[in-house]
Amino acid sequence: MLVEKGMKWHLSSEVVIIGYGGAGAVTGISAYDQGADVLILEKQAEDTHYTNTGMSLGVFLSPTDPERAVRHMEEVCRAEEGYSWTDKEVIRAWSKYTCGNKAWVEETLELPVQEFGNTAGTPFDGRESMMAYATRGYGYGLFRALHEQVRRRSINVLYDCPARRLLTNSQGEVVGVRVMQHVGDDARELNIRAAKAVVLTPGGFQFNETMKLNYLRVYPFYGHGTTANTGDGVTMAQEVGADLWHMNCCTGRMMAKFPDFPIAFSLNFGGEARPLRRSHVETPVRTGAGFIVVDQHGHRYANENAKPHYVHYEMSLYDSQGLRHSRIPSYWVFDQRRIEAGPLAHTEFGAAGPYRLYQWSLDNKQEMERGWIAVGDTPRELAGRLGVDPGNLQKALRDYNGYCELGLDTEFSRLPSSLVPLDSPPYYAVRLYPGGPTTHGGPRRNAQAQVLDLDGLPIHGLYGAGELGSVYGMLCIAGGGFLAECLAFGRIAGECSAQEKVHGI
């Protein structure tokens, strides 16, 4: 939106950041430490503020070798020979800064970290350098540490203040933001001057149904982070001529989504306690409870040890004869052993995690009473409650139990250690949908975190970091890849925006 002659400026700062999540906090800290005056705008009210970072597991990548990290990321981003989802210069910037993530968290946030292991689920060259680290208190503890550093620097955060429009001068430079500030029952429009730059860090569009329907390859898709992620940054960037990338990409898990609760739940399928150190190497330890996943016909269709960040590609198979997605929803089927192993949802992170947006019962009885968990004394009775073919479900369970006895899944090559029989009735099921913590799309950015226009040129005064316009395309690096990007490009955006010249109005 072009600045009108004589427009009144209600507030002014050198760097204005839109969105107070992980990326916004890192950007603010970094810009401040470069000597800039910083203002952060947050659409949520202070007393109900919660973030994707705070709802995460709190694991982040910090590769051990920059060149190996570059090679690995180039393979992750390769669409086909000669074409990449992400520019080489951006990949190199990602590698340089992610390699410094561990040191930055320890030194700047003063937060102890512990080695989480090599989490790269992508079998490409350089994966051995993909080391991940965990923070105390999971993602909740990480965001608390970020918030504490923002507080120590006396960086001003305006809550309940959603941004509406980016303001530009006659040269197309971004020079400010129009917001709607809410104070109690009152609301007023404010024009905020950004003398050097505006940085977009408002997250993705997991809670914008129109964007998901029109951009993602799979629908429905349910978010398991903050409901504030409604794609505001996409529309604001488009208005000032930004190019978009990665709009059809997302990180997709098998999630539980229930009609009477707005956020999807990440599930603890086997009932195991989550280890602090993680590895993709097979171990002889058996999981606590058995389970299978079936489609709407009652058939297993995939290895249930699927890589969680990419399994939505298998769920989104479209039946061209039946003209429907026969795997959406799918059904997680388990027995009494899993009920007794503890809450079905993860309670270390997500909606049932430390924010306590939902208190999942220890014995799962509350969720049964709400109708979230289907139950049947026999597989046939359960099939009737789900509306799937009872013969197919019985066969799936019989075959699976046979693989458990054999110690080998000859159908889908599931890990032997996870083959625990389903032989403790009653039987239960939960509907599964594609969903997860992140969409990848948004305004395209360069290696300096500048937002680019349709000609590939920087829109002066506009930067981006975090999930909005993520560097990841079809694939991401599982196990800390997104927090790694928040830490890396938050620092890049903060440092570069602070060094901008003052733009004229």
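The values are calculated or read from the model by the stated rules, or taken from the named source; none is laboratory data. What you see is a predicted model, and the numbers here were worked out from it, not measured in a lab. Please note: Cβ atoms are built from the backbone with ideal geometry, for glycine as well, and neighbour counts cover all protein chains shown.
Would you check if GLY466 is under 25 Å from the mean Cα position of the chain (by Cα) and not polar (S, T, N, Q)? Give the derivation first.
Numbers: under 25 Å from the mean Cα position of the chain (by Cα): yes; not polar (S, T, N, Q): yes.
Answer is yes for this residue.
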Within segment 379-412, how many residues are surrounded by fewer than 20 Cβ atoms within 10 Å (Cβ to Cβ) and of a type in the set (Val, Ile, Thr)? 1
Name the residue that is modelled with the lowest pLDDT, counting only residues in segment 119-167 that are of a type in the set (Ser, Thr, Tyr) and over 29 Å from ALA242 (Cα atoms). THR119
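Answer yes or no: is there a residue in segment 65-78 that is closer than 15 Å to LEU142 by Cβ, surrounded by fewer than 23 Cβ atoms within 10 Å (Cβ to Cβ) and not assigned by TED's automatic domain parsing to the domain that holds GLY350.
No, that holds for no residue.
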Does segment 179-190 contain any residue that is in contact with a Gly (Cβ under 6 Å, 6 or more places away or on another chain) and buried (at least 18 other Cβ atoms within 10 Å of the Cβ)? no
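Quick check on VAL15: is it free of Cβ contacts under 8 Å to residues at least 60 places away in the same chain and touching a Gly at 6+ places or on another chain (Cβ under 8 Å)?
The answer is no for VAL15.
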Give me a count of the residues in segment 152-171 that are over 18 Å from LYS43 (Cα atoms) and surrounded by fewer than 16 Cβ atoms within 10 Å (Cβ to Cβ). 5
Where in segment 80-181 are there strands (runs of 3 or more DSSP E), lying wholly inside it, with at least 1 residues that are among the aromatic types (Phe, Trp, Tyr)? 113-118, 131-135
Determine which single condition ARG431 fails, assuming it passes every other condition in (1) under 22 Å from the mean Cα position of the chain (by Cα); (2) not assigned by TED's automatic domain parsing to the domain that holds HIS325. (2)
Single residue of ALA103, ALA69, ALA36 found to be small (Gly, Ala, Ser), out of contact with any helix residue (DSSP H, G or I) (no Cβ under 9 Å at 6 or more places or on another chain), under 30 Å from GLN499 (Cβ atoms) and at pLDDT 95 or above: ALA103
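Does ALA103 qualify as being aliphatic (A, V, I, L, M), crowded, with 21+ Cβ neighbours inside 10 Å and either over 29 Å from SER13 (Cα atoms) or in the same structural domain as HIS224 (by TED's automatic domain parsing) (or both)?
No.
Of all the residues that make up segment 227-257, how many are of a type in the set (Gly, Ala, Ser), over 15 Å from the mean Cα position of the chain (by Cα) and farther than 15 Å from THR201 by Cβ? Walk me through it before giving the result.
Step one: of segment 227-257, the residues of a type in the set (Gly, Ala, Ser) are 228, 231, 233, 237, 241-242, 252, 256.
If we keep only those that are over 15 Å from the mean Cα position of the chain (by Cα) as well, we get 233, 237, 241-242, 256.
If we keep only those that are farther than 15 Å from THR201 by Cβ too, we end up with 241, 256.
The total comes to 2.
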